Amino acid sequence: MDHPLHRAVVSNRPMTFGIIAGEASGDILGAGLIRSLRARYPAARFVGIGGDDMIAEGFHSLVPMERLSVMGLVEVLGRIRELFQIRARLLDYFFATPPDVVIGIDSPDFTLTIERRCREAGIPTVHYVSPSVWAWRQKRIFKIAKSVNLMLTLFPFEARFYEEHQVPVAFVGHPLADRIPMVPETGKARRELGLSEHAPLLAVLPGSRAGEVERLGTLFLEAARWIQETRPDLQLVIPCVNRERERQVRDLVDALEVKLPVTIVRGKSREVMAASDVVLLASGTATLEAMLLKKPMVVGYRLSDFSYALLSRLVKVPHVALPNLLARETLVPELLQDDATAEALGSAVLERLENQQERQRLVDAFTELHQTLKQDADEKAAQAVSDLLEGRRA
């Protein structure tokens, strides 16, 4: 959707926007935000930390973004000194040449402290993408309230949480909802992947991390085998995020007692889901993509007994799958821990494969949720930042 009034130049002043993105998803968000902000502030400069997408929009990155892209506790501990040095360097830069606003994109463990220090120094601050404070460790809301002048959320239920805690917030929608078409092109996706356009297709996504695939891979494969006993015409396709996950999944398939015909694809998880009739997947962002692609899904997840017991006490929400959180009801089955058996998962998939009335009900519900999230996120985020800078927002 286009907003010609919003796109009009707000100011030709030489504004400076300090932006910090720590990973690839933040780099994509940052690039879209820069494009929309530049339409409002043509003379603006953008500086901080960002990746290739942001740099392509004219952004100046003081440090390579890859230095912030750290996963896992051990890796963080190994790089903690460097991360502190990067944080100090950024703060020194912002204090010496104060930007008009500092915007942290996701990566809250790194960015929120910078935002708090900048706000204390009188620099307005914005955080883009809410931490899951609404789900667990809710006392973090007090740190967030001290750190930001404005929170930008991707989901409406997040905005409600901030409103309840009197933290200034703007719901901007989700960029994926802007990019994924309202009607999926299932036939086209199958042709591009070289898959049959007629046989039913199950997409199996046991996760993107080694630990997830180790815990869920064999379970999901056994569920698929259970389904194939009833539906031998079923195509099974597993997308793998990289070469390492592909090797791991192939080893799990080879270790099965009974041979299972399965197509393994490197990358292209969205295309595989678009090609599918049903998706069996781990909880996570993939559930949002499956919903936007209007695909019936079954969510399964297992943790270690200790982790599950701990999280069960900490988590404050009734659902784990994003479609259920967004709808505030159970649209898709969540089979967790001991409930996640091969037969239970397989039975739930089979029901969604064969019940046409239920499939259509889900398509209608997912379409409505897609429309809720399709807000032109880049534009709405830029407008909210502009409103803050121009004094139109408290």
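The values are calculated or read from the model by the stated rules, or taken from the named source; none is laboratory data. Predicted model, so just to flag it, every value in this text is computed and none were measured. Because the Cβ atoms are built from the backbone with ideal geometry, glycine has one as well, and the counts that use them run over all protein chains shown. Calculation scope for accessible area: heavy atoms of the full protein, side chains included, ligands and nucleic acids excluded. Shrake-Rupley method; radii C 1.70, N 1.55, O 1.52, S 1.80 Å.
Residues Ala189, Ala199, Ala159: which one is aliphatic (A, V, I, L, M), assigned to a loop (DSSP other than H, G, I, E, B) and out of contact with any His (no Cβ under 9 Å at 6 or more places or on another chain)?
The match here is Ala199.
Output the residues belonging to the stretch 1-51 that are assigned to a helix (DSSP H, G or I), modelled with pLDDT of 95 or more and open to solvent by 70 Å² or more (accessible area, probe 1.4 Å).
Correct list: Arg35, Arg38.
Residue check: is Val169 crowded, with 18+ Cβ neighbours inside 10 Å and without any contact (Cβ under 8 Å) to a residue 24 or more places away in the chain?
Yes, satisfied.
Only residues that are open to solvent by 10 Å² or more (accessible area, probe 1.4 Å) and of a type in the set (S, T, N, Q): list them for the stretch 86-129, please.
Result: Thr97, Ser107, Thr113.
Residues of the stretch 174-186 being open to solvent by less than 90 Å² (accessible area, probe 1.4 Å) and either of a type in the set (Asp, Glu) or part of a helix (DSSP H, G or I) (or both), which ones?
Passing the criteria: Pro175, Leu176, Ala177, Asp178, Thr186.
From the set of residues in the stretch 126-155 that are small (Gly, Ala, Ser) and out of contact with any Lys or Arg (no Cβ under 9 Å at 6 or more places or on another chain), which is modelled with the lowest pLDDT?
Going through the qualifying residues, I end up with Ser132.
Any idea which residue in the stretch 324-344 is farthest from Asp277 (Cα to Cα), counting only those that are over 24 Å from the mean Cα position of the chain (by Cα) and of a type outside the set (Gly, Ala, Ser)?
It comes out as Asp338.
Please go through the stretch 130-154 and pick out each residue that is open to solvent by less than 20 Å² (accessible area, probe 1.4 Å), in contact (Cβ under 8 Å) with a residue 24 or more places away in the chain and in a loop (DSSP other than H, G, I, E, B).
Passing the criteria: Ser130, Ala135, Val148, Leu154.
Given Arg215, Arg225, Arg250, which one is in contact with a helix residue (DSSP H, G or I) (Cβ under 9 Å, 6 or more places away or on another chain) and in a helix (DSSP H, G or I)?
Arg225
Collect the residues in the stretch 88-110 that are modelled with pLDDT under 95 and assigned to a helix (DSSP H, G or I), keeping them in residue-number order.
Across the stretch 88-110, the qualifying residues are Pro108, Asp109, Phe110.
Quick check on my filter: what residues within the stretch 326-357 are open to solvent by 90 Å² or more (accessible area, probe 1.4 Å), part of a helix (DSSP H, G or I) and closer than 30 Å to Arg160 by Cβ?
Within the stretch 326-357, Asp339 is the sole residue that qualifies.
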